[in-house]
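Scroll down for the structure; my scribbles are underneath it.
Every number in this text was worked out from the coordinates using simple rules, so none of it is lab data. Please read these numbers as outputs of a predicted model, since none were measured by experiment. As a convention, Cβ positions derive from the backbone with ideal geometry for all residues, glycine included, and neighbour counts pool all protein chains shown.
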Amino acid sequence: MDKALLSKTAAAMVARGKGVLAADESSGTCEKRFKTVNVECTEETRRTYRGLLFTTPGAEQYISGVILFDETLRQKSSDGVLFPDYLAGKGILPGIKVDKGAMDLALCPGEKVTEGLDGLRGRLAEYFKLGARFAKWRAVITIGEGIPSHACLYANAHALARYAALCQEASIVPMIEPEVLLDGSHTVERAEEATEAALRATYAAMAAHNVSLEHLILKTSMVVSGKECSRQAPVHEVAERTIRVLKRTVPAAQPGVVFLSGGQTDEAATAHLNAMAAMKGVPWPLTFSYSRALQNPALKAWRGQTANAAAAQKAFRHRAHMNGLAAQGKWKPELEKQAA
């Protein structure tokens, strides 16, 4: 465990005005997204699309790191440079998704637990050699009638803690992601309760497994109303509830917090981040680690056509820039017109 390297990596991940691009979609998720723009999902089209994002001129001004899928970590740019080496050359940290996905949790209907701990020590050693300096593990928490259950919260917290300890042992910064899904008709109050419960369980497990809080990054959901809820909490309320939960549960020793977009619209994710970053008395840097909310406009502009690459990169750079401003509390809706 190289504490100096871990500290340097964690600080770089949450550098001011920068955030982390999540480009770690599984092949199945990639296929769903490509279908929306009528692009066939093959290893080559995935390589081309992700390469387009990574080679966007100036992206390194707003992107501190990229979470890669195993396939992508081993692929090369069109110039023949391995993606981790290409990113590192631009000053962007290569990261890796290491979990094997959420599976049904036995005896807990409607709930999931994330798998992938078997063989993880060996995989992390290989990923470190390939250039990965941080990793990500996602847990999925669903809100519904009588759930999340205690069993679900603690099974996922236990897995997150064991993963985090193995990462730190390998000198890789663990990004822990206990995602409370926005699917459902639950109120924002229910979302706040579930998020607080998930984070309490997560940090209790971190303590039990001797995970170093100084070398850990939290990727968390925002406290938003369920997608089908009749009352959608306004921006200021989402910001207040989210920060309240974080202050109650997340130790100040942690280097930073990044947010997932979780299916919010592009601009909503930016507006919510901006409102939180502008709040006073927050003990950690707050920034973004978005997938769809960074990539959507680029994917729509690209549509699998080489001729559209420049337009797609412009769209991606704009979203990265907007979120870089939001992470400093400097975003304004009128700035979105620059994308036109």
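Here's how it looks for LEU82: its modeled amide H is under 5 Å from those of SER77, which are all 5 or more places away or on a different chain. According to the calculation over all Cα-Cα pairs in the chain, the P(r) per 20 Å bin from zero is 33, 62, 6 %.
Between the amide H of SER64 and those of GLY19, VAL20, LEU21, distances stay under 5 Å, these residues lying 5 or more places away or on another chain, with hydrogens modeled in the peptide plane. Taking one quarter of the surface of the convex hull spanned by the alpha-carbon atoms of the stretch 184-340 gives a direction-averaged projected area of 10.5 nm².
Remark: the chain carries a charge dipole of roughly 880 debye about the Cα centre, counting +1 on each Lys and Arg Cβ and -1 on each Asp and Glu Cβ. Computed from backbone phi, the HN-Hα couplings of the stretch 78-88 come to 5, 8, x, 9, 4, 3, x, 5, 4, 4, 4 Hz, rounded to whole numbers (Karplus: 6.51 cos²θ - 1.76 cosθ + 1.60, θ = phi - 60°; Gly and Pro given as x).
Considering only LEU199, ALA310, GLY65, the residue lying farthest towards the positive end of the dipole of the chain is ALA310, judged by Cα position with unit charges set on Cβ. Each Cα pair under 8 Å and six or more residues apart adds its sequence gap; the mean of these over the residue count of the stretch 1-140 is a relative contact order of 22 percent. Which of LYS227/LYS300; LYS90/LYS332; LYS314/LYS337; LYS112/LYS247 have a Cα-Cα distance over 20 Å? Distance filter (> 20 Å) returns LYS227/LYS300; LYS90/LYS332; LYS112/LYS247. Once you reduce the stretch 198-250 and the stretch 144-160 to the center of their Cα atoms, the two points are 15 Å from each other. Between the amide H of PHE259 and those of THR220, THR287, PHE288, SER289, distances stay under 5 Å, these residues lying 5 or more places away or on another chain, with hydrogens modeled in the peptide plane. For the stretch 1-135, a crude dipole built from +1 on the beta carbon of Lys and Arg and -1 on the beta carbon of Asp and Glu, taken about the Cα centre, is about 480 debye to the nearest 20.
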